[in-house]
Amino acid sequence: MDKNYDDITKEDLGWKPSFSVVMVVGWLIFLLVFWAFYSVEYTTGENIAITLLVTLVSFLLLGGMWAIWGIKKMPKEGWEMFKIKGFKWRVYVSIIVPFVAVIVLIYWFWFYADDYTLWQNLAFVIVDLLAIGGILGAIWARWGIMHGEELEKKKD
């Protein structure tokens, strides 16, 4: 295990674990209260959009907080990866594409979903997920083919 992760102390973590628990519990409470008392004012599609939006915001808060901490604790080998041509923009795309896909789903469910059947909405969700997999698979497959052997040699 890398030295950066072996010596993690309570001070390193600080308030992050507590904030994570509060966020998850708060997220659950919000959704349960919303579904129980306020969801009747919205259509099914709008309820799904609100659920996705609250989940996205929670994920952004928690993911951002832990990503910053992880970057500070990243081992030297991790930083070396960013020097390999094409790696950095692929990481950025790998972060952005899923968020865009969730925003597309939120937009779909808020404005269009109620005009379509359950199966058509399910097909849209599956197409959205396939688009994520296709985009990310295409950009990382080429990079893996180009740099896979080089990285395997460095590991040994």
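Does residue 61 satisfy the condition of being surrounded by 13 or more Cβ atoms within 10 Å (Cβ to Cβ), over 12 Å from the mean Cα position of the chain (by Cα) and part of a helix (DSSP H, G or I)?
The answer is no for residue 61.
Taking the conditions exactly as written (under 26 Å from residue 50 (Cβ atoms) and over 22 Å from the mean Cα position of the chain (by Cα)), does residue 128 satisfy them or not?
no
Report every pair of residues separated by at least 6 positions or lying on different chains whose Cβ atoms are under 7 Å apart, first residue within region 142-156 and under 17 Å from residue 86 (Cα atoms), second charged (D, E, K, R) and at pLDDT 80 or above.
Note: pairs meeting the criteria are 143/90.
Evaluate region 68-79: report whether one residue or more is assigned by TED's automatic domain parsing to the domain that holds residue 26, under 18 Å from residue 22 (Cα atoms), loosely packed, with under 14 Cβ neighbours inside 10 Å and aliphatic (A, V, I, L, M).
No, region 68-79 contains no residue that is assigned by TED's automatic domain parsing to the domain that holds residue 26, under 18 Å from residue 22 (Cα atoms), loosely packed, with under 14 Cβ neighbours inside 10 Å and aliphatic (A, V, I, L, M).
Working carefully through the options 110, 89, find the one that is part of a helix (DSSP H, G or I), surrounded by 15 or more Cβ atoms within 10 Å (Cβ to Cβ) and not assigned by TED's automatic domain parsing to the domain that holds residue 22.
Sole residue among the options that is part of a helix (DSSP H, G or I), surrounded by 15 or more Cβ atoms within 10 Å (Cβ to Cβ) and not assigned by TED's automatic domain parsing to the domain that holds residue 22: 110.
For region 113-156, enumerate the residues that are modelled with pLDDT of 95 or more, charged (D, E, K, R) and surrounded by 12 or more Cβ atoms within 10 Å (Cβ to Cβ).
Selection gives 114, 128.
The values are calculated or read from the model by the stated rules, or taken from the named source; none is laboratory data. Since the model is a prediction, treat every value here as computed from it, not as a measurement. Positions of Cβ are generated from backbone atoms using ideal geometry, with glycine treated the same way; all protein chains shown enter the neighbour counts.
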